[in-house]
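Encoded as structure tokens, here's the structure I'll be asking about.
The values are calculated or read from the model by the stated rules, or taken from the named source; none is laboratory data. This is a predicted model, so every value here is computed, not measured. Here the Cβ positions follow ideal geometry from the backbone for every residue, glycine too, while neighbour counts run over all protein chains shown.
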Amino acid sequence: MQIIKQDTNIDFLGKRRIMAILSIVLVVVGLVSLFVRGLNFGIEFTGGTLVEVEYDQPVSIADTRATLVAAEFGDAVVQYFGTSRDIAIRLPVREDADSAQISSEVLSALRAPDNEVLVEGAGGRVQRCSRDGSVVDCRVQMRRIEFIGPQFGKELAEDGGLALLAALFMILLYVAFRFEWKFAIGAVVALAHDVLIALGVFSLLQLEFNQSVLAALLAVIGYSLNDTIVVFDRIRENFRKMRKGSTFEIMNKSINQTLRRTLLTSLTTLLVLLALFFLGGEVIHGFATALIIGVLVGTYSSIFVASPVVLGLGISRDDMMPVKKEGVDQESLLP
Amino acid sequence: MLNRYPLWKYVIIAAIVVPGFLYALPNLFGEDPGVQVAGTRTVTVDTATLERMENALSAEGMSWTTASLELGNARLRFKDTDTQLKARDVLQRELGDNYTVALTLLPSTPGWLGSLGAAPMYLGLDLRGGVHFLMQVDTAAALKRAEERYEADLRSTLREERVRYLTVKRVPDRGIEIKLRDAAERDNGRTVIERELPALALDEFERDGKPYLMATIRQQELEQIKKFALEQNMTALRNRVDELGVAEPVVQQQGDQRIVVQLPGVQDTAEAKRILGRVATLEILMVDEEHDLQSAISQSPPPGSKLFRYRRGGQILLKDRVVYSGDNIVDAAAGFDSRTGGPVVHITLDSRGATINQRITGENIGKRMAVVYIELKSEVKRDAQGNPVLDDQGEVVRTTRRIEEVITAPVIRDQLGKRFQIEGLDDVNEARDLSLLLRAGALAAPIQIIEERTVGPSLGKDNIEQGMRSVIIGFVLVLVFMVVYYRMFGAVACVALSLNLVLIVAALSLFQATLTLPGVAGIVLTVGMAVDANVLIFERIREELRNGNSPQASIHVGYDKAFGTILDANVTTLIAALVLLGIGSGPVKGFAVTLSIGIATSMFTAIWVTRGIVNLMYGGRRLKELTI
């Protein structure tokens with residue numbers, strides 16, 4: 001079966017100016033949004049407390065809020081997640097030393113109106129409470145608690161930023177070592193482009209930015225690079241093989257030759273990502289969103305950003321002539 | 001051209017694939033509800049305990065499927081959770097407070113697999129439910145206390161050595177400032193301090209014409225203080241975690257001032273925090289040797305004395321007057337006696353402790369001195385049915401119990417002062433344990449929870465189900481696509497992809513790496529990306545066919561040319577994954593682990609395994625065309 005016809009001959013590089021404008025607009029819009037609206041950081045980066053509970057029947061947010069206000073948690077943000085039985089409560093960091101206790105206090109406050117007290121210590125599939133002298137399943141089931149101290153949150157954010165930069169830098173080194181510095185710059189520009197646009201989307205839509213999303217961005221770097229490398233590899237090969245043809249033509253040809261692979265792999269990756277997006281549950285949702293954006297942008301950038309940058313840097317056939325025969329060191333690994 | 005693999009290549013493939021299946025296998029067997037019994041400080045679990053447990057259950061007419069002793073724990077399996085819960089209660093009643101009886105899930109791996117070291121994957125807390133704490137040891141507080149101690153020590157040392165100083169003052173963040181009468185006294189003081197307090201580094205300076213010394217704690221000593229603060233907290237946390245009745249608790253150092261505590265299955269986080277946050281102290285008392293222990297046990301202890309429990313079992317009669325407390329202990333370190341070579345614990349006291357010690361030991365040579373470990377344990381008051389008792393306001397009533405244990409009671413051989421040692425220990429381990437306990441009172445640096453991640457059992461179950469579902473659906477979608485698009489070659493890729501999943505599971509099981517939900521996402525992503533290698537190869541083969549090459553040559557060249565590209569593409573992804581592994585924390589790490597493993601295994605399956613199959617299918621014969 002063929003989805004894309006055998007020999008495409010699309011003038012990708014000819015459209016590089018228009019595409020450059022498109023990319024710049026996207027990146028600039030993203031950057032402006034990042035500066036103006038910022039990212040909607042999750043508590044992993046800001047510090048704070050998240051308590052998710054499930055009631056045995058639908059509850060109103062107002063009631064839950066009133067209960068919390070009565071227990072002096074006036075700063076709580078109460079939301080549904082999923083159904084109207086599932087409640088998520090977010091609390092900002094408090095200055096007092098005992099902020100780690102907040103989650104436990106919130107839980108007992110939620111159980112107080114029903115006179116319920118947790119009894120089961122460990123094990124079991126359902127939390128059991130004592131109510132009016134007998135032990136029953138708790139009306140309020142704790143689903144998840146997350147607490148991050150403010151200092152630790154800051155540290156996680158710094159480590160995350162550092163990880164992004166370190167990954168970009170190491171990739172730059174590897175590509176420069178395996179190919180040539182012009183390719184390395186092309187690859188890193190494409191990656192920065194992808195990351196900035198993905199960040200921009202998260203900022204524009206004010207989607208929660210947490211550690212999973214950060215991990216997804218790093219995976220995007222790996223993925224998008226994968227695409228770019230495949231194209232570069234073909235460019236290198238064609239430079240050595242095709243004796244005639246300008247740099248422009250050779251690069252265009254290479255992009256066309258790898259086009260089907262680029263699109264097919266993006267397609268299979270998107271297939272599994274959609275499965276994660278729809279079926280993976282709330283914890284994975286942000287992660288899948290970031291990767292879907294990343295794969296789409298990454299596919300685009302490996303065609304319309306990476307190669308034009310390399311072309312713009314003035315790559316020529318001379319840059320590509322091997323000092324020794326390429327692949328000699330790989331001979332023993334060949335299948 | 002004929003595509004044939006030599007036999008040894010198939011042997012290598014088999015040598016990876018067969019163990020892969022073997023180690024992935026335990027994950028198919030599921031888990032049985034079980035109960036795990038562990039001894040706490042004073043008791044150990046042995047065959048006699050196991051027998052006792054079995055008798056108690058038999059007496060209640062209950063049955064179990066297997067009973068075994070593993071790593072000092074007794075493990076019983078039951079056919080359902082009802083029996084498990086009932087058995088837990090029966091056993092807790094039978095064994096009493098000295099044992100922890102915990103509910104757990106025991107993998108039902110068949111014996112022959114278990115003997116190969118195969119075990120199911122280790123599920124993270126987000127998949128099985130439980131509490132995760134990251135605790136930070138306040139080393140700054142420990143350092144401040146150390147400086148305060150040195151400040152007092154400097155004063156008393158200088159006084160004892162008759163060095164005429166004017167002031168000794170701690171300057172926060174800088175050190176301890178000593179103002180002296182004149183330059184001659186400064187030299188004098190310097191010699192004394194260098195001899196008596198070698199852990200201090202000294203600098204000279206002048207201010208307003210007066211000579212000063214600035215004492216700072218040496219780097220090596222600082223590191224030591226930090227290390228001790230961490231170790232001591234780890235010991236205390238381990239002791240307390242035992243009380244929570246958790247089957248597989250984790251207390252682990254992370255970095256140089258953090259401790260990870262993981263309590264699978266725990267749901268009452270408030271109780272967990274209370275127990276972990278408890279403060280321990282030490283007191284030193286004299287042993288009452290005038291009165292008879294037996295009569296004190298059978299009747300009542302004489303006035304002024306009190307019965308105490310020994311940590312390792314048994315009782316001892318102590319005089320009920322605190323000689324000095326753990327606050328006065330500066331350091332306790334396990335080591336060896338310089339003469340006999342036997343294990344000892346070296347103890348250093350601060351100046352107040354040293355003065356008292358000198359007087360008391362001088363008066364009591366030949367008698368015994370006891371070190372008592374004290375913790376305040378707060379418990380929920382429960383009625384006869386085991387339900388918590390509530391007060392008028394609906395709050396839970398708590399009772400506080402003082403837990404006192406004698407950790408050692410050595411004989412005083414000599415008049416002791418600032419430094420002394422405890423001898424007569426069984427082995428190095430005992431010396432180490434004792435030194436850690438002795439430090440409990442001394443260097444107790446405050447500890448703080450900086451991260452909590454608790455997942456309730458229902459969410460854990462949902463996470464497993466959703467994770468599994470997305471792996472399966474994603475997997476099936478990719479398989480269908482590959483078969484439709486590449487037909488026979490697609491089917492070969494599907495075999496490779498399935499094998500890839502098996503190998504990822506096998507690697508996770510073999511290394512017992514923790515599988516988390518982001519880890520599952522990593523596996524899903526790997527499934528999507530692993531076919532990339534095959535897409536590259538197959539597209540190349542098609543291209544070669546189009547260029548008019550023979551099918552056999554196309555296969556050969558296709559694999560050949562795609563290899564370099566695949567290698568480059570995967571190495572770069574691996575770089576990103578390894579950066580994640582190195583810098584990321586918590587959820588990010590779980591993702592990085594499966595992604596890295598997935599990249600490695602997918603290279604193997606997508607290149608070598610598919611080539612092996614293709615060679616078997618098409619290799620030895622002439623082909624007119626390929627179904628690709």
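Within the bounds of segment A:166-179, is there any residue that is free of Cβ contacts under 8 Å to residues at least 60 places away in the same chain, of a type in the set (Gly, Ala, Ser) and surrounded by fewer than 23 Cβ atoms within 10 Å (Cβ to Cβ)?
Checking segment A:166-179: at least one residue is free of Cβ contacts under 8 Å to residues at least 60 places away in the same chain, of a type in the set (Gly, Ala, Ser) and surrounded by fewer than 23 Cβ atoms within 10 Å (Cβ to Cβ).
Kindly list the number of the only condition in (1) touching a residue at least 12 places away in the same chain (Cβ under 8 Å); (2) closer than 22 Å to A:Gly161 by Cβ that fails for B:Thr572.
It fails just one condition, (1).
Somewhere in segment A:167-178, is a residue more than 20 Å from A:Ile43 (Cα to Cα), facing chain B (nearest Cβ under 9 Å) and not in a helix (DSSP H, G or I)?
No.
Would you say A:Ala198 is within 12 Å of chain B (Cβ to nearest Cβ) and of a type in the set (Gly, Ala, Ser)?
no
Same structure again: Have a look at A:Gly153, A:Gly133, A:Gly149 and point out the one that is at positive phi and either within 23 Å of the chain's Cα centre (by Cα) or of a type in the set (Gly, Ala, Ser) (or both).
Step by step, each of A:Gly153, A:Gly133, A:Gly149 is checked, and only A:Gly133 is at positive phi and either within 23 Å of the chain's Cα centre (by Cα) or of a type in the set (Gly, Ala, Ser) (or both).
Could you pull out the residue among A:Leu191, A:Leu263, A:Leu214, A:Leu204 that is touching a residue at least 24 places away in the same chain (Cβ under 8 Å) and more than 10 Å from every other protein chain (Cβ to nearest Cβ)?
From the options A:Leu191, A:Leu263, A:Leu214, A:Leu204, the qualifying one is A:Leu204.
Go through the residues of segment A:121-139 one by one and say whether even a single one is hydrophobic (A, V, I, L, M, F, W, C) and closer than 30 Å to B:Gln257 by Cα.
Yes: segment A:121-139 contains one or more residues that are hydrophobic (A, V, I, L, M, F, W, C) and closer than 30 Å to B:Gln257 by Cα.
While we're here: Is it the case that some residue within segment B:548-559 is closer than 19 Å to A:Ile229 by Cα, more than 9 Å from chain A (Cβ to nearest Cβ) and either at pLDDT 90 or above or buried (at least 24 other Cβ atoms within 10 Å of the Cβ) (or both)?
yes
Right, something else. Can you work out which of the residues in segment A:294-311 that are of a type in the set (Val, Ile, Thr) and under 14 Å from the mean Cα position of the chain (by Cα) is farthest from the other protein chains (Cβ to nearest Cβ)?
A:Val297
Are there strands (runs of 3 or more DSSP E) fully within segment B:227-294 with at least 2 residues that are away from every other protein chain (no Cβ under 14 Å) and within 13 Å of the chain's Cα centre (by Cα)? List them.
Output list reads B:250-254.
Another question about this same structure. Which residues, taken from segment B:262-283, are modelled with pLDDT of 85 or more and buried (at least 23 other Cβ atoms within 10 Å of the Cβ)?
The answer is B:Leu263, B:Pro264.
Confirm whether A:Asp194 is within 14 Å of the chain's Cα centre (by Cα), among the acidic types (Asp, Glu), part of a helix (DSSP H, G or I) and not assigned by TED's automatic domain parsing to the domain that holds A:Arg143.
So A:Asp194 passes the test.
Shifting gears a bit: Return the residues of segment B:23-51 that are loosely packed, with under 15 Cβ neighbours inside 10 Å and assigned to a helix (DSSP H, G or I); say none if nothing qualifies.
Scanning segment B:23-51 gives B:Leu28, B:Thr47, B:Ala48, B:Glu51.
Based on what the data block shows, is B:Pro19 of a type outside the set (Ser, Thr, Tyr), under 28 Å from the mean Cα position of the chain (by Cα) and either within 23 Å of B:Glu243 (Cα to Cα) or not in a loop (DSSP other than H, G, I, E, B) (or both)?
For B:Pro19, the condition - of a type outside the set (Ser, Thr, Tyr), under 28 Å from the mean Cα position of the chain (by Cα) and either within 23 Å of B:Glu243 (Cα to Cα) or not in a loop (DSSP other than H, G, I, E, B) (or both) - is not met.
Consider A:Gly314 carefully, then state whether it is within 11 Å of chain B (Cβ to nearest Cβ) and out of contact with any Cys (no Cβ under 7 Å at 6 or more places or on another chain).
no
Of B:Asp433, B:Asp462, which residue is surrounded by fewer than 24 Cβ atoms within 10 Å (Cβ to Cβ) and in the same structural domain as B:Ala409 (by TED's automatic domain parsing)?
Just one listed residue meets the conditions, B:Asp433.
A further question on this structure: Are any of the residues in segment B:156-166 crowded, with 20+ Cβ neighbours inside 10 Å, more than 24 Å from B:Ala247 (Cα to Cα) and not β-branched (Val, Ile, Thr)?
yes
Determine if segment A:100-120 includes at least one residue that is under 26 Å from the mean Cα position of the chain (by Cα), within 10 Å of chain B (Cβ to nearest Cβ), buried (at least 21 other Cβ atoms within 10 Å of the Cβ) and at pLDDT 85 or above.
No, there is no match, as no residue in segment A:100-120 is under 26 Å from the mean Cα position of the chain (by Cα), within 10 Å of chain B (Cβ to nearest Cβ), buried (at least 21 other Cβ atoms within 10 Å of the Cβ) and at pLDDT 85 or above.
Only residues that are under 21 Å from B:Lys273 (Cβ atoms) and facing chain B (nearest Cβ under 7 Å): list them for segment A:125-150, please.
Once the filter is applied, which keeps residues that are under 21 Å from B:Lys273 (Cβ atoms) and facing chain B (nearest Cβ under 7 Å), segment A:125-150 yields A:Gln127, A:Ser130, A:Gln141, A:Met142, A:Arg143, A:Arg144, A:Ile145, A:Glu146, A:Phe147, A:Ile148, A:Gly149.
Name the single residue, out of those in segment A:268-293 being of a type in the set (Gly, Ala, Ser) and surrounded by fewer than 24 Cβ atoms within 10 Å (Cβ to Cβ), that is farthest from the other protein chains (Cβ to nearest Cβ).
Ranking the candidates gives A:Gly286 first.
A quick yes/no check of all residues on (1) over 30 Å from B:Leu116 (Cβ atoms); (2) crowded, with 20+ Cβ neighbours inside 10 Å; (3) free of Cβ contacts under 8 Å to residues at least 60 places away in the same chain; (4) among the hydrophobic types (A, V, I, L, M, F, W, C):
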position: B:Gly474; (1), (2), (3), (4): yes, yes, yes, no
position: B:Val480; (1), (2), (3), (4): yes, no, yes, yes
position: B:Val495; (1), (2), (3), (4): no, no, no, yes
position: B:Leu515; (1), (2), (3), (4): no, yes, no, yes
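Do any helices (runs of 4 or more DSSP H) entirely within segment A:3-92 hold 1 or more residues that are within 25 Å of A:Gly298 (Cβ to Cβ), and if so, which?
It comes to A:16-36, A:43-46.
Sticking with this one: Need at least 3 residues that are farther than 30 Å from A:Met170 by Cβ per element, so show me which helices (runs of 4 or more DSSP H) inside segment B:530-628 make the cut, counting only ones lying wholly within it.
B:551-583, B:610-618
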